[in-house]
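Here the structure is laid out as structure tokens; the discussion comes afterwards.
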Amino acid sequence: VEAANITAYMRWLNQEKGLAFNTYTALWQWSVDDIEAFWKSLWEFYEIKTSHPFDQVLPERKMPRADWFSGARLNYTEHVFRNMSNQRPALIFQSEIQPLTEISWNALYSQVAAVAAGLRRLGVQRDDRVVSLMPNIPQTIIAFLACASIGAIWSSCSPDFGMRSITDRFKQIKPKVLFVVDGYQYGGKAFNRSQENANLHEALPSLEATVLVPYLDADAQAGNLRGAHLWPDLVRQEADLVYEQVPFDHPIWVVYSSGTTGLPKPMVHGQGGILLEFYKFLGLHVDLKPQDRFFWFSTTGWVMWNIMQGGLVTGATALFYDGNPGFPDMDVLWNFAEKSKMTVFGTSAAYLTACMNSRLEPGTTHDLSRLRIVGSTGSPLSSEGFRWVYEKVNKNVLLGSVSGGTDPCSAFVGCCPLLPVKAGELQCRCLGVNAQAFDPQGNALTNQVGELVIADPMPSMPLYLWND
């Protein structure tokens, strides 16, 4: 508790604002009663860098169309690279076909700068859409950060999606540039994507260029894809990284609902809202520090990928794995955790349950002494799952069960280093999130089943649905 970021934040509130909170509950209550003061305090605490200051935090508490920090001009990627350090890697990557690889902050910077300059040569400007059909590999994060530095709008699907699922998403936003891989490996089996890449081209007439990342085959060629370029050619030309200064609510990416009711709904998030939310959730709730090595198992089609790369804004090293978490056996991610010196292990409740059912004892078979947080999401984790983590993984971790989703690109309810962990429960409502349970008449309920309602706006709530 003493070393937690949220403790430092509470001390800062006391010293700088004269606000004293003895409990997390008191802090949370203030954060939803005076949401303008709360989010402004985070802006100051994390020293958000702008080329133009904001006029007002929030003139009116309305949903949708809440107007946060109007007048401010900033850039998401700029906040990532203010953390550059030669003391620690920026990224650590492993896949079924590539061994553990570290990428330095300098290497990440130079590649993002080169790709951003390459995108500009391909005609990409602010507001243009850039889409990716790539696995969870370094090139995906590099391409996203390059896109955000320009003020272009990113969108991603995982290559294991069916063609209909991909086109139903991407066609709606009319992308200008597409990033693809030649193929990938999953569960020991290689999947060539050449035909799917060609089919996607036919389905997206707005495309002006495609960048192929040779992943399955280092010698892969772009073939007859129109406007085709190879990734190595893109990153070969050195460039300076230019940060386009955009409004707080300028779109950073489009993410999608599941598509169970008609077409997937394209939800648009803003650069500033996502930045501020990541500082709050990952900085205060997940307690990420620059020395942390932060991992959340995900594909690029799940919002946890967006959140995982968000760890970079805190200065932490982002860890990512591409492949089947059960191949060649259920130990593969625990091996990765040991080799990478992981401190934060995020995954799904289903994965933890599968490890428990397989009678794994990772804390005995692996050196997990550096692990201080285990994150769980996707579905509820049973009380037995909680006990398994403390008995078989590490008795000293904070087990953070979190729930939120694609809508806020974060958690509504989650973990907190100040609070006890109770088996089968989430610890708290997150700061600035006025989460309630309502009955059908709109009355708040306690200790009864109701509809989850967020009663006040958040900076990272979707700006709108694309073309709505």
ask   = Checking residue 335 against (1) part of a helix (DSSP H, G or I); (2) over 22 Å from the mean Cα position of the chain (by Cα); (3) buried (at least 20 other Cβ atoms within 10 Å of the Cβ), which test does it fail?
value = (3)
task = Quickly run through the range 246-277 and pick out the residues that are part of a loop (DSSP other than H, G, I, E, B) and open to solvent by less than 50 Å² (accessible area, probe 1.4 Å).
result = 248, 250, 257, 259, 264
ask   = Out of the range 389-415, which residues are crowded, with 16+ Cβ neighbours inside 10 Å, polar (S, T, N, Q) and more than 24 Å from the chain's Cα centre (by Cα)?
value = 394
task = Please state which of the following conditions residue 426 fails to meet, knowing it meets all the rest: (1) in contact (Cβ under 8 Å) with a residue 40 or more places away in the chain; (2) assigned to a loop (DSSP other than H, G, I, E, B); (3) open to solvent by 30 Å² or more (accessible area, probe 1.4 Å); (4) within 23 Å of residue 305 (Cβ to Cβ).
result = (1)
task = Would you check if residue 115 is more than 23 Å from residue 406 (Cβ to Cβ) and assigned to a helix (DSSP H, G or I)?
result = yes
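Return yes or no: is residue 418 over 22 Å from residue 36 (Cβ atoms), open to solvent by 30 Å² or more (accessible area, probe 1.4 Å) and either assigned to a loop (DSSP other than H, G, I, E, B) or in contact with a helix residue (DSSP H, G or I) (Cβ under 6 Å, 6 or more places away or on another chain) (or both)?
Values: over 22 Å from residue 36 (Cβ atoms): yes; open to solvent by 30 Å² or more (accessible area, probe 1.4 Å): yes; either assigned to a loop (DSSP other than H, G, I, E, B) or in contact with a helix residue (DSSP H, G or I) (Cβ under 6 Å, 6 or more places away or on another chain) (or both): yes.
Yes.
Scanning the range 79-99 for residues that are among the hydrophobic types (A, V, I, L, M, F, W, C), within 21 Å of the chain's Cα centre (by Cα) and in a loop (DSSP other than H, G, I, E, B), which turns out surrounded by the most Cβ atoms within 10 Å (Cβ to Cβ)?
Pass one, the range 79-99, residues among the hydrophobic types (A, V, I, L, M, F, W, C): 80-81, 84, 90-93, 97.
Now narrow it down to the ones that are within 21 Å of the chain's Cα centre (by Cα): 80-81, 84, 90-93.
When the remaining residues are screened for being in a loop (DSSP other than H, G, I, E, B), the result is 84, 90.
Values: 84: 13, 90: 25.
Step by step, filter the range 79-99, then rank; the result is 90.
Got a sec? Which of 230, 234 is free of Cβ contacts under 8 Å to residues at least 40 places away in the same chain and surrounded by 12 or more Cβ atoms within 10 Å (Cβ to Cβ)?
Working: 234 fails: free of Cβ contacts under 8 Å to residues at least 40 places away in the same chain.
Step by step, each of 230, 234 is checked, and only 230 is free of Cβ contacts under 8 Å to residues at least 40 places away in the same chain and surrounded by 12 or more Cβ atoms within 10 Å (Cβ to Cβ).
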request  = Would you mind telling me which numbered condition in (1) touching a residue at least 60 places away in the same chain (Cβ under 8 Å); (2) closer than 14 Å to residue 138 by Cβ; (3) open to solvent by 10 Å² or more (accessible area, probe 1.4 Å) residue 102 fails?
outcome  = (1)
message = I'd like to know if the range 38-59 contains one or more residues that are in contact (Cβ under 8 Å) with a residue 12 or more places away in the chain, over 28 Å from residue 312 (Cβ atoms) and over 26 Å from the mean Cα position of the chain (by Cα).
response = yes
Residue satisfying condition, being of a type in the set (S, T, N, Q), open to solvent by 40 Å² or more (accessible area, probe 1.4 Å) and farther than 21 Å from residue 141 by Cβ, within set 382, 376 = 382
query = residue 160 passes all but one of (1) outside any helix (DSSP H, G or I); (2) modelled with pLDDT of 95 or more; which number fails?
reply = (2)
request  = Take residue 330 and decide whether it is part of a helix (DSSP H, G or I) and open to solvent by 10 Å² or more (accessible area, probe 1.4 Å).
outcome  = no
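The values are calculated or read from the model by the stated rules, or taken from the named source; none is laboratory data. Computed from a predicted structure; not experimentally measured. Don't worry about glycine lacking a Cβ; one is built from the backbone with ideal geometry, like all the others, and counts go over all protein chains shown. Note: accessible area is taken over every heavy atom of the protein model, side chains too, but ligands, DNA and RNA are not part of it. Shrake-Rupley method; radii C 1.70, N 1.55, O 1.52, S 1.80 Å.
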